[in-house]
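Reading through the structure tokens given below for one structure.
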Amino acid sequence: MGYAMGIRIHSMDFIHQNIDNLGDNLKVLVMGNQYIKGSGIDYITENYEYDMNNFTYVQGQIIAKEYFTALGHQHTAIDLNGRENSIQFDLRKSIMESEHSSFVNNFDVMIDIGNSEHVEDQYMNFKNLHDVCKVGATFIYALPREGHWKNHCKYKYNLDFFEKLADGNGYEVLMLEIRNERDICCSMKKKTNSEFMSDDNFKKLPIIIEPGNNFNDRSLYPYAY
């Protein structure tokens, strides 16, 4: 969502650890019209032989869509701001019941680098991410860890949240760890075509709600609230 949203080195490394062995021409859904920032660009130049002049730079950042396309994948982004040809959809609403219902059971990979914590309806957000993925698809998350990113967003996460999210939906946890001290990185595989867990059961998951209302994401992403 906006130029503030970006993929840095620890997230780039985590993404590649999870998609490099999945094959080519994957249908990849990225949450937010992401950009690759500073250390993420350094990661590319150190590990891959791309002519970096072939990418478009926006305020010193690479448009993520161009990078995932260069990797040989079909990239789609969802973001209400509509930048970089992203699909304008409100994640507080059901994608199954929207004009984008063709996205359901459609994607091989879902990448969420710092997006979910900005969506006020957490249940519908995670349900939508479940619904758009095929059986066998990989979810890749890098979201803010509890006790960190003070005043950035209302919602924070911990390892227990992802373990219970996986258990409640029959996902296989592939990787689950803390990176850069501040982020929870998790990858999971969707194993069955069962419905997402109920709202009541989701509310039992340990999402950390930071007290107060003075969060900077309210000014960065007002359309998410």
- prompt: Any residue at all in the stretch 79-93 that is among the aromatic types (Phe, Trp, Tyr) and within 18 Å of Leu26 (Cβ to Cβ)?
  reply: no
Matching option when the condition is within 18 Å of the chain's Cα centre (by Cα) and surrounded by fewer than 23 Cβ atoms within 10 Å (Cβ to Cβ), among Gln74, Gln59, Gln34: Gln74
- request: Inspect the stretch 110-125 for any residue being surrounded by fewer than 20 Cβ atoms within 10 Å (Cβ to Cβ), touching a residue at least 40 places away in the same chain (Cβ under 8 Å) and of a type in the set (Phe, Trp, Tyr) and give the result as yes or no.
  value: yes
Helices (runs of 4 or more DSSP H) wholly inside the stretch 139-225 containing at least 2 residues that are surrounded by 14 or more Cβ atoms within 10 Å (Cβ to Cβ) and over 16 Å from the mean Cα position of the chain (by Cα): 159-169, 217-220
query: Mind checking which pairs have a first residue in the stretch 54-83 that is of a type in the set (Phe, Trp, Tyr) and a second that is part of a helix (DSSP H, G or I), Cβ under 6 Å, 6 or more apart or different chains?
result: Phe55/Glu66
- line: Of (1) touching a Cys at 6+ places or on another chain (Cβ under 6 Å); (2) in a strand (DSSP E or B); (3) closer than 18 Å to Tyr221 by Cβ, Met110 satisfies every one except (3)
task: Being in a loop (DSSP other than H, G, I, E, B), free of Cβ contacts under 8 Å to residues at least 40 places away in the same chain and within 30 Å of Leu220 (Cα to Cα) is the filter here, so list the residues in the stretch 18-53 that pass it.
output: Lys37
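Every number in this text was worked out from the coordinates using simple rules, so none of it is lab data. Note that the coordinates shown come from a computational prediction; the quantities given were computed from them, not determined experimentally. For neighbour counting, all protein chains shown are included, and Cβ atoms are generated from backbone atoms with ideal geometry for every residue, glycine included.
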